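*Asks:* Got a structure here, written out as structure tokens. Questions coming.
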């Protein structure tokens, strides 16, 4: 990575595709490998506070409070960037998303590389995020210089993204529930819709989508419509589908989040005509699951 390479590595959220954030040519390779549009900014991963201050101009008090409570962890903060961060990383924006991952492999890589890493999810743009090294290998293959296998990710959803100025604002639901953030800094404005020129990753209308069409259910499905389709159930199985995965039989939303992309990868590989998905309770981390399913089902 110090020499311009691009490496896939595990974080506690999903696998990332990383390059030296200060090397514009290496970052351009990340966009090329993912076929990612240049208007979609990347998140920069840092190992420590010293590296953070090489990336951002300053850390507001609210951001510092969140860092002390949630870093390392699945929280990305959008702050004013330093000139050393190439504009390709931020899609020309004056701000940059930064986070400190908790996964031991990610932390060891950051420490050994000695540079911040610009790293989106390690998948083709708009497709399902990878939660295992084999997902990365199947989707990106030899286009990546190396893949570090850290096993299955523990959280299974991307980081939550918060912008601090001009007011604390939720830009993307994620693995850290917004309610936990609000308990530290107070109410967040909500800007979790979609944008053609996004302020942060994961805000396009269609995203996180498998090849197989997805339909989020708002009621029961007639038996005649089930053959040929698969079901991603939240808690309760339904008969008559050609394939079935249950996110959490106990109804645990964190378990459901950890299984979401993994099970969608499995169903997507089965040659089904459609994947039906049961809705999940849209509170806590369930809001992030619902957000991913809505974007994955948009056509």
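The values are calculated or read from the model by the stated rules, or taken from the named source; none is laboratory data. Because the structure is a prediction, the values reported are computed rather than measured. Neighbour counts are summed over all protein chains in view; Cβ atoms, including those assigned to glycine, are modelled from backbone coordinates with ideal geometry.
*Asks:* Scan 113, 146, 119 and give me the residue that is assigned by TED's automatic domain parsing to the domain that holds residue 37, under 17 Å from the mean Cα position of the chain (by Cα) and modelled with pLDDT of 95 or more. Step through it out loud before you land on a result.
*Replies:* Numbers: 113 fails: under 17 Å from the mean Cα position of the chain (by Cα); 146 fails: under 17 Å from the mean Cα position of the chain (by Cα).
Step by step, each of 113, 146, 119 is checked, and only 119 is assigned by TED's automatic domain parsing to the domain that holds residue 37, under 17 Å from the mean Cα position of the chain (by Cα) and modelled with pLDDT of 95 or more.
*Asks:* Given the criterion over 14 Å from the mean Cα position of the chain (by Cα), farther than 27 Å from residue 267 by Cα, modelled with pLDDT of 85 or more and part of a loop (DSSP other than H, G, I, E, B), identify the matching residue among 195, 165, 180. Before you say what the answer is, go through the steps one by one.
*Replies:* Details: 195 fails: modelled with pLDDT of 85 or more; 180 fails: part of a loop (DSSP other than H, G, I, E, B).
From the options 195, 165, 180, the qualifying one is 165.
*Asks:* I'm told residue 137 meets every condition in (1) outside any strand (DSSP E or B); (2) touching a residue at least 24 places away in the same chain (Cβ under 8 Å); (3) closer than 27 Å to residue 214 by Cβ except one. Can you identify the failing condition by its number?
*Replies:* For residue 137, the exception is condition (2).
*Asks:* Hey, among 159, 129, which residue is more than 14 Å from residue 75 (Cα to Cα), crowded, with 20+ Cβ neighbours inside 10 Å and either in contact with a strand residue (DSSP E or B) (Cβ under 7 Å, 6 or more places away or on another chain) or modelled with pLDDT under 95 (or both)?
*Replies:* It is 129.
*Asks:* Answer yes or no as to whether residue 25 is surrounded by fewer than 17 Cβ atoms within 10 Å (Cβ to Cβ) and within 22 Å of residue 164 (Cβ to Cβ). Talk me through it step by step, then tell me what you get.
*Replies:* Numbers: surrounded by fewer than 17 Cβ atoms within 10 Å (Cβ to Cβ): yes; within 22 Å of residue 164 (Cβ to Cβ): no.
Criteria not met by residue 25.
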